[in-house]
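The structure appears right after this line, and notes come after that.
We did not get these values from a lab; they are worked out from the coordinates using the rules stated. Every value quoted in this text rests on a predicted model; they were computed, and no experiment measured them. In this analysis, Cβ positions are derived from the backbone assuming ideal geometry, glycine residues included, and neighbour counts consider all displayed protein chains.
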């Protein structure tokens, strides 16, 4: 079993999107005052059907498989833009150096070259010397474990000599001995073929061939197993009750604590991005395609995605999204129905409690708190969907809503005296963002909330980040499909 545990996982994809750097101020507390998080942090999970017998507009169906795959690739694309060294344009250039080699290997092994190329992007960002950790861990262009290379992929891997050469290379690099570094790297490629780009790509192709043979000839499932492992994936399929034609999208999107629970529990137990690996490979394919079509547009897209700790500015571009500058503009939006006031009773029934301090800085602007307790219709519908799903999995424990719409003047008041605040554009001034307090009544409550966040991300409905006192959520255009919930 190949467990990639790679440089890509620890650097490209590791951690939560919201923990890279501080983001715009969130939460509804006065400047400088943060609430302490209580209870366990959300952990990896997958979402439930938030309505039980009521039809879920985002329930999986075979007819929508391609749509679900595209949504998931979009939902999990952020690290491939924001974290790769030099950004996606530079990474695509590095990966493209191996395109001819990839095409030849893919042709000889009867695999899709775009998929193999995307795996190189995701695994190593195009660095042939990439290392996940120790020499026994995943290394090279396709991030292969020493044991896997030796025992499954018929590669020469002399761990002790490779480790010794790696230490010598590091010393030579510190001393600026360029020629010695080149000689040592060549020697390492001979004793550890994982560092040889051609042999690494050929080995990845051999793994896919092996995995296809174990997984009913499916290249898609073989790709999933590159990170998850064949045995783990077979166990997921068995628990799901899948047949040989069941696509991975169905395994992923139709598994939850309420449906195919055993399969969901196994997927959630991996905790290492295994369950989302295929979506990230698909996202990497899209990056390479965009780079070949127009590198300039890719750079602009990368700027939007990397502007914040999530892809919120891709969901709601600054130039295309109306913002509220003054209380008067926000009042007009309320009158026009562009912003809907929070329905206190309805939200209580949907598993949400409104923080008593929300909008408390309104008095400085001589406005009522209620002016800052509202959302755009699709954002409100998404909030209801999220809250109902969380509540259904956590003994009807409510989430606490701390912040919704603001105008720029209110935002300015919030920034005053807060050294952790980041000035600039806030999605709160559009009405498409809200914050949930990082306080959970139980582990089940925390897991249920994370569960829904992951599903909504996979459906390309939201972008979210973890802030000091709250989970900041931005709602994208696709949430319009949830508007009927406001009529219930």
>> Could you work out how much longer the chain between residue 127 and residue 219 gets when fully extended? Use 0.36 nm per residue separation minus the Cα distance between them, nm to one decimal.
In response: 30.7 nm
> Averaged over all directions, how much area does the convex hull of the C-alpha atoms of segment 316-487 cover when projected, in nm²?
Replying inline: 9.7 nm²
>> No solvent, one uniform scatterer per C-alpha: report log10 I(q)/I(0) for segment 158-260 via the Debye equation at q = 0.16 1/Å, two decimals.
In response: -0.74
> When only C-alpha pairs under 8 Å and at least 6 residues apart count, what is the relative contact order of segment 316-487, in percent?
Replying inline: 26 percent
> How high is the FRET efficiency from residue 167 to residue 210, r the C-beta distance, R0 45 Å, rounded to 0.05?
Replying inline: 0.85
> Between residue 243 and residue 334, what is the label-to-label distance in nm when each label sits 7 Å out along the Cα-to-Cβ direction?
Replying inline: 5.7 nm
> Once both axes come from the Cα atoms, what is the angle between helix 261-270 and the longest principal axis of the chain, in degrees from 0 to 90, rounded to 10?
Replying inline: 70 degrees
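Taking R0 as 51 Å, what's the FRET efficiency between residue 356 and residue 134 from their Cβ-Cβ distance, rounded to 0.05?
0.50
Multiply the residue separation of residue 292 and residue 67 by 0.36 nm, subtract the distance between their alpha-carbon atoms, and state the gained length in nm to one decimal.
Answer, rounded to one decimal: 78.7 nm.
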>> Sorted from largest to smallest, which semi-axis lengths in Å does the alpha carbon gyration tensor of segment 361-411 give for its equivalent ellipsoid, taking the root of 5 times each eigenvalue?
In response: 28, 12, 7
> Against the longest alpha carbon principal axis of the chain, how many degrees, from 0 to 90 and to the nearest 10, is the axis of helix 277-293 turned?
Replying inline: 90 degrees
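Give, in nm to one decimal, the length gained when the segment between residue 265 and residue 320 is fully stretched (0.36 nm per residue of separation minus the Cα-Cα distance).
This chain segment gains 15.8 nm when fully extended.
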> Pairing the Cα long axis of helix 219-228 with the longest principal axis of the chain, what angle in degrees results, from 0 to 90 and rounded to the nearest 10?
Replying inline: 80 degrees
> Of all DSSP beta bridges in segment 316-487, what percent run antiparallel (nearest 5)?
Replying inline: 80 percent
> Along its principal axes, what span do the Cα atoms of the chain show, with the longest given first and each in whole Å?
Replying inline: 73, 55, 42
>> Can you tell me what share of the DSSP beta bridges in the chain is antiparallel? A percent to the nearest 5 is fine.
In response: 80 percent
>> For Cα pairs less than 8 Å apart in space and 6+ apart in sequence, what is the mean separation divided by the residue count of the chain, i.e. the relative contact order in percent?
In response: 27 percent
> How many nm separate the modelled label positions at residue 107 and residue 187, each set 7 Å beyond the Cα in the direction of the Cβ?
Replying inline: 3.7 nm
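Using only helices, what value at 222 nm comes out for the chain when you add -39,500 (n - 2.57) per DSSP H run of length 4 or more and divide by the total residues, to the nearest 500 deg cm²/dmol? Walk me through the intermediate numbers first.
Working: 21 runs with 229 residues, N = 488.
Computed ellipticity for the chain at 222 nm equals -14000 deg cm²/dmol.
Order of 147-154, 222-229, 253-260 by packing, highest average Cβ count within 10 Å first?
The peptides rank, most packed first, as 222-229, 253-260, 147-154.
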